[in-house]
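Asks: Below is one structure. I have some questions about it.
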Amino acid sequence: MRLNSSNSLLSVPSSSLQIPEFPVGTNEGVNESIEFSLVIPTYNEAANVCKIVATLTDLLDEFIPGDYELIVVDDDSPDRTWEIAQSLMPEYPQLKVMRRQNERGLSSAVIRGWQVASGRVLGVIDGDLQHPPHILLKMLRAITEGAEVIDLAVASRHASGGGVSSWSVLRRFLSRGAQVLGLVILPEVLGRVSDPMSGYFLVRRSAIAGVTLNPIGYKILLEVIGRGKIRKITEVGYVFQEREEGESKVTWKQYIEYLHHLILLRSSTGRLAQLSHHFNIPIGRFIRFALVGLSGVFVDMTLLYLLSDPTTLNFPLTRSKILASEIAIYNNFLWNDIWTFGDISRQQKQWHQRIKRLLKFNIICLAGLVINVFVLNILFNKFGINRYVANLIAIGIATIWNFWINLKLSWRVTEVK
Ligand SMILES: Nc1nc2c(ncn2[C@@H]2O[C@H](COP(=O)(O)OP(=O)(O)OP(=O)(O)O)[C@@H](O)[C@H]2O)c(=O)[nH]1
Ligand SMILES: [Mg+2]
């Protein structure tokens with residue numbers, strides 16, 4: 001059992017977002033691990049933090065006295081939540097506080113908290129009292145005392161006994177809509193629980209240790225189910241309470257991030273991802289490259305119309321097509337540089353490096369065009385394949401060429417000084 005001997009803040013890990021198999025600084029975790037670590041992510045929860053710490057302490061002191069810790073992870077809240085939490089530490093020996101000044105975001109806050117945790121079971125609960133604390137014991141019992149090994153216990157608004165207290169029709173609709181969308185994109189993750197959007201759950205450390213979790217978005221549970229080794233799951237119904245103090249941090253940005261998160265998880269955990277891992281093919285990148293290519297087709301078409309159509313500028317066709325294609329190439333380069341290969345280009349940001357990439361991309365795409373015309377001709381003239389089917393095949397082959405050669409030559413990871 002380790003208690004906080006002073007009221008100093010926890011230092012923020014700077015390593016990749018991986019949960020260690022054993023608590024940091026312990027000898028294979030044998031003696032030093034404790035039963036349960038509960039992370040409370042906070043941002044401007046000054047009005048709630050005292051109450052939630054007191055309530056959770058009362059509950060857990062009864063159930064597993066001294067064998068748990070509460071870890072408040074605060075993102076340097078302007079209302080100084082971290083300072084208030086820190087001032088509670090002498091009164092609550094199981095409380096630890098982390099103040100993050102260089103990172104932001106709910107999911108990464110939870111992961112950072114788990115990284116410094118000592119528990120064999122790791123949990124998360126909102127800091128605004130919307131998650132009823134007493135449900136925690138039901139979940140903890142299920143994981144620690146159940147006859148069979150349960151890796152994950154989720155508090156669910158859609159399981160029996162669950163609900164939302166007084167959400168507007170719009171919010172209910174958005175929440176359910178997001179769930180249905182998720183079920184379509186990622187059925188094997190969202191289909192496993194009735195409330196995949198829940199931010200209130202406990203997970204066995206061993207089920208998520210060693211995998212790198214992604215900090216994107218608000219929905220850390222998706223990450224845990226998608227990337228963890230989660231065998232059996234149990235759900236406990238709960239009613240999502242109204243916020244009494246403080247303000248919600250949910251904005252439209254979270255919905256966009258959610259979509260991005262689903263796509264990322266899909267491309268990195270699905271069957272395609274396993275194949276791509278097996279054969280070392282960057283499927284996710286290729287899908288992004290193909291989507292960017294599609295946007296280029298729209299640019300090309302629109303410009304061709306604006307430049308060459310008799311009702312618009314009426315320029316000669318060939319000249320218009322060359323100009324339209326060239327601008328489409330710039331469009332594609334821009335998005336590929338920012339998005340498809342963003343991780344690589346962020347390491348090579350100087351202007352001369354960008355221009356070099358653009359020139360290479362341009363030449364490779366022009367060569368791709370030659371391949372496109374060549375394949376189209378062969379398929380149509382030699383094999384008698386329908387011209388549109390032949391064109392589709394030719395576009396496919398040229399896209400693979402463009403992707404592969406650009407991957408190897410334009411967005412190569414070179415030594416960065
Ligand atoms: N550390 C940290 N905590 C956050 C961040 N954003 C939200 N939180 C906390 O995460 C919990 C959930 O955030 P809320 O804004 O309440 O989200 P919600 O409960 O889904 O939505 P509401 O019903 O509108 O409250 C709260 O304890 C917040 O203080 C963040 O960027 N960093
Ligand atoms: Mg809330």
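The values are calculated or read from the model by the stated rules, or taken from the named source; none is laboratory data. None of these values were measured; they are calculated from a predicted model. So basically every Cβ, Gly included, is an ideal-geometry build from the backbone, and we count neighbours across all protein chains shown.
Asks: State the number of residues belonging to segment 116-130 that are within 15 Å of ligand 2 (Cβ to nearest atom) and modelled with pLDDT of 95 or more.
Replies: Of the residues in that region, 4 qualify.
Asks: I've got another one for you. I want to confirm something. Restricting to segment 335-358 and keeping residues that are exposed (fewer than 12 other Cβ atoms within 10 Å of the Cβ) and assigned to a helix (DSSP H, G or I), which single residue is nearest to the chain's Cα centre (by Cα)?
Replies: D343
Asks: Right, here's the next one. Mind listing whichever residues of segment 236-262 are touching a Leu at 6+ places or on another chain (Cβ under 9 Å) and either more than 16 Å from Q130 (Cβ to Cβ) or not assigned by TED's automatic domain parsing to the domain that holds G191 (or both)?
Replies: The answer is Y255, Y258, L259, H261, L262.
Asks: Can we say I220 is under 20 Å from the mean Cα position of the chain (by Cα), within 16 Å of ligand 2 (Cβ to nearest atom), buried (at least 20 other Cβ atoms within 10 Å of the Cβ) and aliphatic (A, V, I, L, M)?
Replies: yes
Asks: Moving to a separate point now. For segment 70-111, how many residues meet the condition of being under 19 Å from E245 (Cβ atoms), of a type in the set (D, E, K, R) and within 9 Å of ligand 1 (Cβ to nearest atom)?
Replies: 2
Asks: Moving on to the next point. I'd like to know if segment 225-238 contains one or more residues that are exposed (fewer than 15 other Cβ atoms within 10 Å of the Cβ), more than 16 Å from ligand 2 (Cβ to nearest atom), outside any helix (DSSP H, G or I) and of a type outside the set (D, E, K, R).
Replies: no
Asks: Another question about this same structure. Of all residues in segment 81-91, which are touching a strand residue (DSSP E or B) at 6+ places or on another chain (Cβ under 9 Å) and either of a type in the set (D, E, K, R) or within 16 Å of ligand 2 (Cβ to nearest atom) (or both)?
Replies: Answer for segment 81-91, where residues must be touching a strand residue (DSSP E or B) at 6+ places or on another chain (Cβ under 9 Å) and either of a type in the set (D, E, K, R) or within 16 Å of ligand 2 (Cβ to nearest atom) (or both): T81, E83.
Asks: Just to check your reading of the model, which residue among L17, L88, L59 is more than 20 Å from K249 (Cα to Cα), surrounded by fewer than 21 Cβ atoms within 10 Å (Cβ to Cβ), modelled with pLDDT under 95 and aliphatic (A, V, I, L, M)?
Replies: After ruling out the rest, the residue left standing is L17.
Asks: Within segment 145-180, how many residues are assigned to a helix (DSSP H, G or I) and under 21 Å from the mean Cα position of the chain (by Cα)?
Replies: Qualifying residue count for the region: 7.
Asks: Here is a follow-up. Over 24 Å from K253 (Cα atoms) and either modelled with pLDDT under 95 or within 16 Å of ligand 2 (Cβ to nearest atom) (or both) - does that describe any residue in segment 167-183?
Replies: no
Asks: Let me ask you something else. Would you mind stating whether R100 is out of contact with any helix residue (DSSP H, G or I) (no Cβ under 6 Å at 6 or more places or on another chain) and more than 16 Å from ligand 2 (Cβ to nearest atom)?
Replies: yes
Asks: Let me ask something additional. Condition test on G113, is it away from ligand 2 (no atom under 16 Å from the Cβ), within 15 Å of V72 (Cα to Cα) and part of a helix (DSSP H, G or I)?
Replies: yes
Asks: Spot the failing condition for L186; the list is (1) farther than 26 Å from L59 by Cα; (2) within 16 Å of ligand 1 (Cβ to nearest atom), and only one is missed.
Replies: Every listed condition holds for L186 apart from (2).
Asks: Show the residue pairs that are 6+ apart or on different chains and have beta-carbon atoms under 9 Å apart, the first residue being within segment 266-283 and modelled with pLDDT under 75, the second being aromatic (F, W, Y).
Replies: S276/F286
Asks: Here's a follow-up. Determine which single condition P133 fails, assuming it passes every other condition in (1) modelled with pLDDT of 90 or more; (2) surrounded by 15 or more Cβ atoms within 10 Å (Cβ to Cβ); (3) more than 16 Å from ligand 2 (Cβ to nearest atom).
Replies: Tallying (1) modelled with pLDDT of 90 or more; (2) surrounded by 15 or more Cβ atoms within 10 Å (Cβ to Cβ); (3) more than 16 Å from ligand 2 (Cβ to nearest atom), P133 fails exactly one: (3).
Asks: Got a number for residues in segment 47-80 being outside any helix (DSSP H, G or I) and either within 16 Å of ligand 2 (Cβ to nearest atom) or over 20 Å from A117 (Cβ atoms) (or both)?
Replies: 11
Asks: With within 16 Å of ligand 2 (Cβ to nearest atom), buried (at least 19 other Cβ atoms within 10 Å of the Cβ), touching a residue at least 12 places away in the same chain (Cβ under 8 Å) and over 20 Å from L152 (Cβ atoms) as the only criterion, which of G246, G293, G199 stands out?
Replies: Result of the check over G246, G293, G199: G246.
Asks: Of all residues being surrounded by 21 or more Cβ atoms within 10 Å (Cβ to Cβ) and within 13 Å of L38 (Cβ to Cβ) in segment 136-155, which is nearest to ligand 2 (Cβ to nearest atom)? Just the residue, please.
Replies: Of everything passing the filter in segment 136-155, A155 is nearest to ligand 2 (Cβ to nearest atom).
Asks: Looking at N391, N377, N381 in this structure, which one is of a type outside the set (A, V, I, L, M, F, W, C) and in contact (Cβ under 8 Å) with a residue 12 or more places away in the chain?
Replies: Testing whether each residue is of a type outside the set (A, V, I, L, M, F, W, C) and in contact (Cβ under 8 Å) with a residue 12 or more places away in the chain leaves just N391.
Asks: From the residues in segment 251-265 that are free of Cβ contacts under 8 Å to residues at least 40 places away in the same chain and assigned to a helix (DSSP H, G or I), which one is nearest to I400 (Cα to Cα)?
Replies: My answer is I256.
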